[in-house]
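The values are calculated or read from the model by the stated rules, or taken from the named source; none is laboratory data. Owing to the predicted nature of the structure, the values given are computational and were not obtained by experimental measurement. For neighbour counting, all protein chains shown are included, and Cβ atoms are generated from backbone atoms with ideal geometry for every residue, glycine included.
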Amino acid sequence: MKSIKCIIVMLLIPALANADVYMKKDADGSISYSDQPQPNADKITLQPVNTLNAKDNAPVMPEQPDSQSLEGQPAQPPTQEKAEAYKPKEEREAYKSVTISSPKDQETLQNPVTIDVSATSDPALQTKFHDKYALYVNGTQFGEPSETAAFSIPRDQVPRGTYTLQVAILDENKQALITSSMITVFIKYHTIAV
């Protein structure tokens, strides 16, 4: 019973914030509250109630004309296409460099089974934008662009001779974003005359 009275008092306190409140304790120990003075009642001083102006503290929402309700109908959630339009667009970080790390410029490769070419880039390849590495041998693209910076050229596709190698990072439209410096390698195969 006491808890119900306390709840009622707690609910009434904001409504009575500007009024005087009186508390009276009966002989059986029950407490009653009133906004009218009672015999043997004590006046209670209440703390001020915290208030906020709803207009000043309302969240600012972006205007979305397509989400307005029509003739009292509830607004529909945005379609996936509209939701994508409100997402901030990620921007590709500009590549600072792409470098062939192996083989070295002017290196002579003796009897290679394959010519292994590896590269590094700064920043790392941004695959979320569908960027890929491409290898160029003597100015012609070798194989398909790849998300890995490691290429292997079989021996039968590179006879002895001098070759230029270059690696580029291509965007999803196969346009070069950055290219490495060109390096030169020499391929030599030993033959044994009988």
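One table, with the values for the structure above:
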{"read-out": "Pick from segment 105-123, criterion free of Cβ contacts under 8 Å to residues at least 60 places away in the same chain and surrounded by 11 or more Cβ atoms within 10 Å (Cβ to Cβ), ranking: farthest from Ala176 (Cα to Cα)", "value": "Thr114"}
{"read-out": "Flag for Ser67 being more than 24 Å from the chain's Cα centre (by Cα), surrounded by 10 or more Cβ atoms within 10 Å (Cβ to Cβ) and at pLDDT 85 or above", "value": "no"}
{"read-out": "Leading residue by the ranking (nearest to Ala119 (Cα to Cα)) among those in segment 163-194 that are surrounded by 11 or more Cβ atoms within 10 Å (Cβ to Cβ) and among the hydroxyl-bearing types (Ser, Thr, Tyr)", "value": "Ser180"}
{"read-out": "Count of segment 146-167 residues which are out of contact with any helix residue (DSSP H, G or I) (no Cβ under 6 Å at 6 or more places or on another chain) and under 18 Å from Ser101 (Cβ atoms)", "value": "12"}
{"read-out": "Conditions (1) at pLDDT 95 or above; (2) under 25 Å from the mean Cα position of the chain (by Cα); (3) of a type in the set (S, T, N, Q): number failed by Gln126", "value": "(1)"}
{"read-out": "Filtered residue count, segment 139-194, keeping only those that are under 28 Å from Gln126 (Cβ atoms) and part of a loop (DSSP other than H, G, I, E, B)", "value": "12"}
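Quick grid of which residues meet (1) in contact with an Asp or Glu (Cβ under 9 Å, 6 or more places away or on another chain); (2) not hydroxyl-bearing (Ser, Thr, Tyr):
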residue	(1), (2)
Phe129	yes, yes
Tyr136	no, no
Glu144	no, yes
Pro154	no, yes
Tyr163	no, no
Ile169	yes, yes
